[in-house]
Amino acid sequence: MQQDFRDSPLFRQQLYIAGSWVDAQSGKTLEVEDPATGKVIGTIPNAGAAETRQAIEAAHEAFKSFSRTTAGERAEMLRRLHQLILDNRDELAGILTLEQGKPLAEAKSEISMSAAYVLWFAEEARRVYGEIIPSPWRERRLLATRQPIGVVGAITPWNFPSSMLARKIAPALAAGCTIVCKPATQTPYSGLAWGELCARAGFPPGVVNVITGSAREIGGELTSNPLVRKITFTGSTEVGKVLLGQAAETVKKVSMELGGNAPFIVFDDADIDRAVQGGIDAKFRNTGQTCVCANRFYVQAGVYDTFVTRLSAAVERLRIGAGVEDGVELGPLIDADSVDKVEELLTDAVAKGGRVMTGGQRHPLGGNFFEPTVVADATSSMRFSREEIFGPLAPVFRFETEEEAIQLANDTEYGLACYFYTRDLGRAFRVSEALDYGIVGVNEGLVTTEVAPFGGVKESGMGREGSRHGIEDYLEMKYVCMGGLGFPVA
Ligand code: NAP
């Protein structure tokens, strides 16, 4: 019999504010469904501005002492958090699959990734150095130090309900900030589990708070409350723009990890089998619902037919089903709207001459399942050349020259991830420099790691998560000019 992860003490159905588990003040709740079955798996408090204010005030109070802990003390707590995540990996992955639908193997690797971010920032906590600046005055000394920015408001999406919060909670705590988190309503339990884990790791009450409910009200309070000094958001470009506007009123520091429209370019000289495997990884992970998912395959004319045939064959071999079943590689989409969107984009492409090579239908499993699909003869008049698909649909466009590939790839307002395959070293440098993207995979379809800077340019956002740069957004620089030190003036 399959384990019911709702029995886990990490499966929490209340808000975590100031170290206590509480309901919404109104007592109202929202239901959460399993996307694989449509069945209700639990409820969450439908909180709003009042609870958000409470959480912010708790975080502000906690900041007074937490910001004065030593880097070593914070590193130690983060190491405990890291170990707790590893010790509870199976339960956390089970909760994640239950609410999000991704295969258990992918859920486990997401939890491992969360643990990896926590360990990385446990290490980085000790490396927040300042500077002593050569003074232009003989009698004064100049210092630049870096201090935690204050209370952080974090809002995250449903596609990586655990690791998107890891990228924010870990650097915030490493820097000495306190945080109020709002996970996505469709996948709140991985977010609420962070509250329980942080409590067990010994973070004092108020340092980490997790609230669920009305996005508009919670987001409105987080972006307008003057006690919040930073907003970090991962989600759609549309919502990101709203939050940027709202945060401008109190001039908060912001980081935005927004949508993408990743090109995946295959040149004539590429290792085709490697490109096919990279294409499967970059397109179909999380059933095509990642911000770095390949959205547009551009394949050079000389290898176009070979690539399309081999990609289609590989796609046909993918096993689809409920994420909890053994050996499943593709789960359901998150909801019925996402299935409708994939279907609409496909209908639009077929009407404009796209050829369905494999898939093309809602899956016989019903509900939120859609067949992994390859469409050949894609053109720039089709909607998916501009829109984020967020589903298991791979459109393949044809191109002739390197210049044309670069121009097509850059012809979008997005600039998060891109991929290309070539064996020509010169081309590898030329093309990676010419692509207007924050992340470039050369002969690689999976590039995310906690040690490298993750983030986009253009309308894909601002700021970087992970790497030694990931902590910078949680720090303020302070310049200290010290005079009256008794040095002779002349
Ligand atoms: P979304 O609709 O923008 O939602 C993301 C989060 O924002 C959710 O917690 C949502 O809450 C909240 N939200 C929605 N409207 C809000 C408002 N008016 N004020 C404050 N918060 C609000 O995005 P999604 O559909 O969940 O996620 C998919 C998008 O995320 C895609 O575009 C994807 O590319 C992007 N993404 C980017 C990255 C990256 O690192 N660049 C990573 C992963 C995903 P509710 O759930 O309550 O609506």
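The values are calculated or read from the model by the stated rules, or taken from the named source; none is laboratory data. As the structure is a prediction and not an experimental result, all values here were calculated from the model. Backbone-built Cβ (ideal geometry, glycine too); neighbour counts: all protein chains shown. Ligands, DNA and RNA are stripped out before the accessible areas are found, and what is left, the full protein with its side chains, is counted by its heavy atoms. Shrake-Rupley method; radii C 1.70, N 1.55, O 1.52, S 1.80 Å.
Computed log10 I(q)/I(0) for the range 86-161 at 0.11 Å⁻¹: -0.51, from the Debye equation with unit scatterers placed on every C-alpha and solvent omitted. Any chance you could give the angle, 0 to 90 degrees and rounded to 10, that helix 425-434 forms with the longest Cα principal axis of the chain? Between the helix axis and the principal axis of the chain, the angle is about 60 degrees. Spin-label model, ALA313 to SER135: label points 7 Å out along the Cα-to-beta-carbon direction sit 7.3 nm apart. Across every pair of non-identical alpha carbons in the range 316-382, the mean reciprocal distance, once inverted, gives a Kirkwood radius of 12.7 Å. Distances longer than 25 Å among the Cα atoms of the range 1-149: what percent of all pairs is that? Result: 52 percent of Cα pairs exceed 25 Å. The label point for ARG79 and the one for ARG427, both projected 7 Å from the Cα toward the Cβ, are 4.8 nm apart.
Ordered by solvent-accessible area of protein heavy atoms (1.4 Å probe), largest first, the residues LYS28, LYS252, LYS478, LYS341 come out as LYS28, LYS478, LYS341, LYS252.
Each peptide among 319-329, 418-428 gets the average number of other Cβ atoms lying within 10 Å of its residues, and from highest to lowest they stand as 418-428, 319-329. Between 0 and 90 degrees, the angle of helix 71-87 with respect to the longest Cα principal axis of the chain falls at about 40 degrees.
Per-residue extension of 0.36 nm, minus the Cα-Cα distance of ALA248 and SER380, leaves a gain of 44.0 nm for this segment. Within the same chain, lysines fewer than 8 places from LYS39 are excluded, and of the rest, those with a Cα less than 19 Å from its Cα are LYS102.
Once the mean of 1/r is taken over each pair of separate Cα atoms and inverted, the range 271-392 shows a Kirkwood hydrodynamic radius of 14.6 Å. Model label points for GLU123 and PHE487, set 7 angstrom from Cα along the Cα-to-Cβ axis, are 3.7 nm apart.
Over all other residues within a Cβ to Cβ distance under 11 Å of ASP337, the charged ones net out to -3, with Lys and Arg as +1 and Asp and Glu as -1.
Ligands, DNA and RNA left out, the 1.4 Å accessible surface of the chain is 51% carbon and sulfur atoms. The radius of gyration of the Cα set in the chain, together with its Dmax, comes out at 23.7, 86 angstrom. At a probe radius of 1.4 angstrom, the accessible area of the chain per residue rounds to 40 square angstrom. Under Stokes-Einstein, with the Kirkwood radius over Cα pairs as Rh, the value for the range 90-237 at 10 °C and 1.306 mPa s is 95 µm²/s.
Estimated purely from DSSP H runs of n ≥ 4, each contributing -39500 (n - 2.57), the mean residue ellipticity at 222 nm for the chain is -11500 deg cm²/dmol once divided by its residues.
Here the average projected area of the convex hull drawn through the C-alpha atoms of the range 161-208 stands at 3.0 nm².
In terms of distances greater than 25 angstrom between alpha carbons, the cross-link table entries LYS168/LYS241; LYS28/LYS182; LYS182/LYS478; LYS64/LYS458; LYS168/LYS253; LYS64/LYS241 yield LYS182/LYS478; LYS64/LYS458; LYS64/LYS241.
Considered as an equivalent ellipsoid built on the Cα gyration tensor, the range 174-268 has semi-axes of 26, 20, 14 Å, the largest given first.
Counting only alpha carbon atoms, the long axis of helix 237-248 and the longest principal axis of the chain meet at about 20°.
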